[in-house]
Amino acid sequence: MTKEKYSKEFLLEIYQKMVLIRQFEERVKFLFLEGVMPGTIHQCQGQEATAVGVCTALKKDDIITSTHRPHGHAIAKGVSVQSMMDELFGKLTGCCKGKGGSMHLGDLEKGMIPAIAIVGGNLPLAAGAALAFKMREEKRIAVSFIGDGATNEGIFHETLNMAALWQLPVVFVIENNLYGASTHVNLTIRTDKISERASIYKIPGITIDGNDVLEVYEASKEVAERARNGQGPTLLELVTYRITGHSRRDPCLYQPAQERAEAKKNEPIGRFGKYLVDNLYASHQQLEEIENNIEKELDVVVEAAKSAAEPKPEDALSDMFAE
Amino acid sequence: MQKMGIAEALRMAIRQEMARDERVFCIGEDIAIPGGWGGAFTVTLGMEKEFSHRMINTPISEAGFFGIACGAALMGMKPIADVQYADFLFCAMDQICNNIAKLRYMSGGKLNVPIVMRAPVGVTGRGSQHAQNMETFFMPLQGVKIVCPATAYDAVGLLRTAVRGQDPVMIFEHKLLYGSKGARAESGAIDGSSEIPEEDFTIPFGQAVVRRCGDDITVVGTLLMMHKCLQAAEQLQKEGISVEVIDPRSLVPFDYVTLKKSIAKTSRLMIVEESPKRSGIGAEIAATIAEEAVDLLNAPIKRIAAPDTIVPFSPPMENFYVPQVQRICNEIRQIILK
């Protein structure tokens, strides 16, 4: 891969987005453990390169669907961080007016269907969006983020079969973080590469390092263009690792210590930061400055979210039907 | 004016909606195969000729294509998704109950999910897995409207309202009322045909219709049961018993105003349904009337329903399972003569 073709601004923007996701998640984790944030959370520390790499390859009016672990995807697709934090606090100003919460956040204006927290349940929504684009002859595509676990759901088969059959402009992105909740992927899937499953639908299946943000970006750009040009869907597997719990206070005792230690060395932000410094795109100080600026930005976001208006109890009764 | 059966009337209405709005499309199994049946009951027969790219014939993948319909609806399309038998809706339950029903609410009202879901119901000599009256299952589901056209006129008016609206709607159609012809004709069918006016009309949801006026008792039924109630009312008239038959037409929303007005006149209420009694439509209607209008009643509310068992196959058992006209008549006599 010829990484020299990127501009410094482009690369620093990618770095900035990845750090924003990491810090957003760390901040949310702290607020949650502190007891000031309601609900439950599924976080994506360690998986920032998949969200940012894929979404950077998309256009504004392309659509993504996400999972119970949607914060990174939302930030990468451009959903306002304030509206997300407000939503996590259950505020009226949240992206779903407090009716979605962590597992359903999204903003269609930014190209994100509210996240679907039933494993695999988002797959046909992306295919359906793609069907709409194809029927209307629009040059848009849909992307469905799923985990390794979703590939064992029946809906995975139904959706990929129809998407392949009709050559829909859709990309199925597997974030394989090796664990479905606490169960290792080796206990649930016999193949080493989940992308091999693509072959039975006669669509391309690709497995790459999901912690190399530029590799993810390049691969995504290619498969997105395939979809956009009418060449049909792709199953893109991004191998990554969740360096935080599955949810809430999960101490990850099922992840072997050595595996965790290696995963931390391999986490995408450190790797990309090193790449930027080694190739003279940025100095350590510049990267620190980016991090500090995000810290400050999030301070403001959190304070604003805390003081934002609560919904009225009876607001629970509105928004079910349009008519 | 043209007289049509329900299948034919639905076909006409769907064609008209597709012609007037290019966002409307059909998606389902066996709906667009030349030489096929136009769905299980001929509703979409031949439509693939006229709308080749808007008749999406799917593999046997109910969960998948209901989800795909949902995704397309979120992007502003107006899918009409149908299953061959309502029992197959169970295969699509996650997409219907978690996505289609909830996405508008979960988005804080920012999204619309304008899907029409059509499903044939009714006990018709097919054993238990092509038989269920699934209305009961969806009654507690929040976020989906439910309509039950018992006549071709209602089928047209309710379908138009559903397609032109912005919310998910389930249309339950009865296999014995379709008036399907040829290879797809049903034995034991009842005539649900109507005169369909040329001019455009719609039927708003939540508006019941009094099918027959009477003074002694109010009887509520939908689909096939509504027709059986009418037959019972006809018989009982000869005995001097005057039965008022109400067809709610939509179960969600439900027109309690019309129902209460009727009970205020008759002071007696019976609900007839084709599915088992436990937690059924009758249970819901009876509970609401008991809660809100018990003063209007002069007799206990009566529920006539299938017994709490699985739909059987053998004709003697099946006839026992489905509420029949004689049973309705007997129960009404008992209430009136008490």
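Does B:A32 meet the test of being in contact (Cβ under 8 Å) with a residue 24 or more places away in the chain, touching a helix residue (DSSP H, G or I) at 6+ places or on another chain (Cβ under 6 Å), within 14 Å of chain A (Cβ to nearest Cβ) and part of a loop (DSSP other than H, G, I, E, B)? Answer is yes for this residue.
Across the stretch A:77-101, the qualifying residues are those that are open to solvent by 10 Å² or more (accessible area, probe 1.4 Å) and within 20 Å of A:V52 (Cα to Cα), and the one among them that is nearest to the other protein chains (Cβ to nearest Cβ) is A:S83.
When you check A:V277 against the structure, is it surrounded by fewer than 17 Cβ atoms within 10 Å (Cβ to Cβ), part of a helix (DSSP H, G or I), among the hydrophobic types (A, V, I, L, M, F, W, C) and in contact with a His (Cβ under 9 Å, 6 or more places away or on another chain), yes or no? Taking the combined requirement at face value, the residue satisfies it. Contact list please: Cβ distance under 7 Å, first residue in the stretch B:141-159 and more than 19 Å from B:G122 (Cβ to Cβ) and in contact (Cβ under 8 Å) with a residue 12 or more places away in the chain, second residue part of a loop (DSSP other than H, G, I, E, B) and among the basic types (K, R), pairs at least six apart or on different chains. If the second residue must be part of a loop (DSSP other than H, G, I, E, B) and among the basic types (K, R), the pairs left are B:G143/B:K102. Number of residues in the stretch B:212-249 that are open to solvent by 10 Å² or more (accessible area, probe 1.4 Å), charged (D, E, K, R) and without any contact (Cβ under 8 Å) to a residue 40 or more places away in the chain: the value is 3. Entry remark, the stretch A:238-252: residues being modelled with pLDDT of 95 or more and of a type in the set (S, T, Y) number 2 in total. Give the residues of the stretch B:276-299 that are surrounded by fewer than 22 Cβ atoms within 10 Å (Cβ to Cβ) and not in a helix (DSSP H, G or I), sorted by residue number. Within the stretch B:276-299, B:P276, B:K277, B:R278, B:S279, B:L297, B:N298, B:A299 meet the criteria. Can you find, within the stretch A:220-247, the residue that is farthest from A:I14 (Cα to Cα) among those that are surrounded by fewer than 17 Cβ atoms within 10 Å (Cβ to Cβ) and under 18 Å from the mean Cα position of the chain (by Cα)? Once the filter is applied, the top-ranked residue is A:S247. Entry remark, the stretch A:133-159: residues being of a type in the set (A, V, I, L, M) and facing chain B (nearest Cβ under 9 Å) number 3 in total. Criterion applied to A:S307, A:S283 was being over 30 Å from A:D86 (Cα atoms) and either open to solvent by less than 50 Å² (accessible area, probe 1.4 Å) or at pLDDT 95 or above (or both), and the one residue passing it is A:S283. The residue that is surrounded by the fewest Cβ atoms within 10 Å (Cβ to Cβ), counting only those in the stretch B:65-113 that are at the interface with chain A (Cβ under 7 Å from one of its Cβ atoms), more than 23 Å from B:E17 (Cβ to Cβ) and touching a residue at least 24 places away in the same chain (Cβ under 8 Å), is B:D94. For the stretch A:220-249, enumerate the residues that are free of Cβ contacts under 8 Å to residues at least 24 places away in the same chain and assigned to a loop (DSSP other than H, G, I, E, B). Of everything in the stretch A:220-249, just one residue is free of Cβ contacts under 8 Å to residues at least 24 places away in the same chain and assigned to a loop (DSSP other than H, G, I, E, B), namely A:N229.
Evaluation of B:Q16 against the conditions (1) within 22 Å of the chain's Cα centre (by Cα); (2) surrounded by 20 or more Cβ atoms within 10 Å (Cβ to Cβ); (3) polar (S, T, N, Q) shows that the sole unmet condition is (2).
None of B:P312, B:P316, B:P307 is within 30 Å of B:K175 (Cα to Cα) and surrounded by 15 or more Cβ atoms within 10 Å (Cβ to Cβ) except B:P312.
The values are calculated or read from the model by the stated rules, or taken from the named source; none is laboratory data. Quick caveat: nothing in here was measured; it's all calculated off a predicted structure. Cβ sites come from the backbone with ideal geometry, for glycine too, and all protein chains shown count toward neighbours. These area figures cover heavy atoms from the full protein model, side chains too; ligands, DNA and RNA do not enter into them. Shrake-Rupley method; radii C 1.70, N 1.55, O 1.52, S 1.80 Å.
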